[in-house]
């Protein structure tokens, strides 16, 4: 299983129109393969939309994209609203559950960590050893390792009921003695965080 994360930076004020047009075209696109998640940023880099597509393999991705293009209805005709497009292929960490439709938010945090070269495996081992205890406080939505388009990169997404809930969980995690956060600081080169919210057509609410 692979996932494709597509991040689009839009012109200021363009997010509502982009999502309207994207949602209309999505009706036919998801008949070919499902959308995994769709968010837009509310804190962090502004005017960004992020959509995640699960595929069985790279070959399955190419097959689905060819079928979608052949319909003439996909991709949505939204180029005039866009400033920048990025995409990366990622693989789920061993402890990540399948990305399924669910109501977990409505606040999501996407944290992107760049490790020093060849340190991703060590970090995944340390995170995996304590992730079950951490999830007792709030659910892990996704934990990915960069495969194509980004190297030495780990991306994890967490769900919260509110920003206050996020602050509460993070404080509790450090006080409960569950080993969170795990000792990974020496493995990290950079850290980034975005606060996201889903839209009506996102499988993850």
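Can you tell me how much longer the chain between residue 11 and residue 125 gets when fully stretched, taken as 0.36 nm per residue apart minus their C-alpha distance, in nm with one decimal? Before the final figure, lay out each step's value.
Values: separation 114, 0.36 × 114 = 41.04 nm, distance 3.97 nm.
Contour length minus the Cα-Cα distance gives 37.1 nm.
Would you order 110, 21 from fewest to most other beta-carbon atoms within 10 Å of each residue's own beta-carbon? Present the calculation step by step, with values, prior to reporting the outcome.
Working: 110 21, 21 15.
Ordered from fewest to most neighbouring Cβ atoms within 10 Å, 110, 21 come out as 21, 110.
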Legend entry - Most mobile listed residue (32, 155, 131) in the chain, GNM with C-alpha springs under 10 Å: 32
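Does segment 135-205 come out rounded, prolate or oblate by the C-alpha gyration tensor, with a ≥ b ≥ c the root eigenvalues, rounded set by a/c under 1.5 and, if not, prolate when a/b is larger than b/c and oblate if not? Kindly include the intermediate steps, with their values, before the conclusion.
On the way: a/c = 2.10, a/b = 1.01, b/c = 2.08.
Oblate.
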Legend entry - Label-point gap, in nm, between residue 60 and residue 201 - each point 7 angstrom along Cα→Cβ: 2.2 nm
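When N is the residue count of the chain, what does its C-alpha Rg come to as a fraction of 2.2 N^0.38 Å? Numbers along the way, then the final one.
Values: Rg = 17.3 Å, N = 205, 2.2 N^0.38 = 16.6 Å.
The reported ratio for this selection is 1.04.
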Legend entry - Within a Gaussian network of the chain (alpha carbon springs, distance under 10 Å), most fluctuating of 114, 41, 71: 71
Legend entry - For 116, 180, order by how many other beta-carbon atoms lie within 10 Å, fewest first: 116, 180
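Bear in mind these aren't lab numbers, they're just calculated from the coordinates by the rules spelled out. Being a predicted model, the structure only gives us computed values, none of them experimental. Virtual Cβ from ideal backbone geometry, glycine too; neighbours counted across all protein chains shown.
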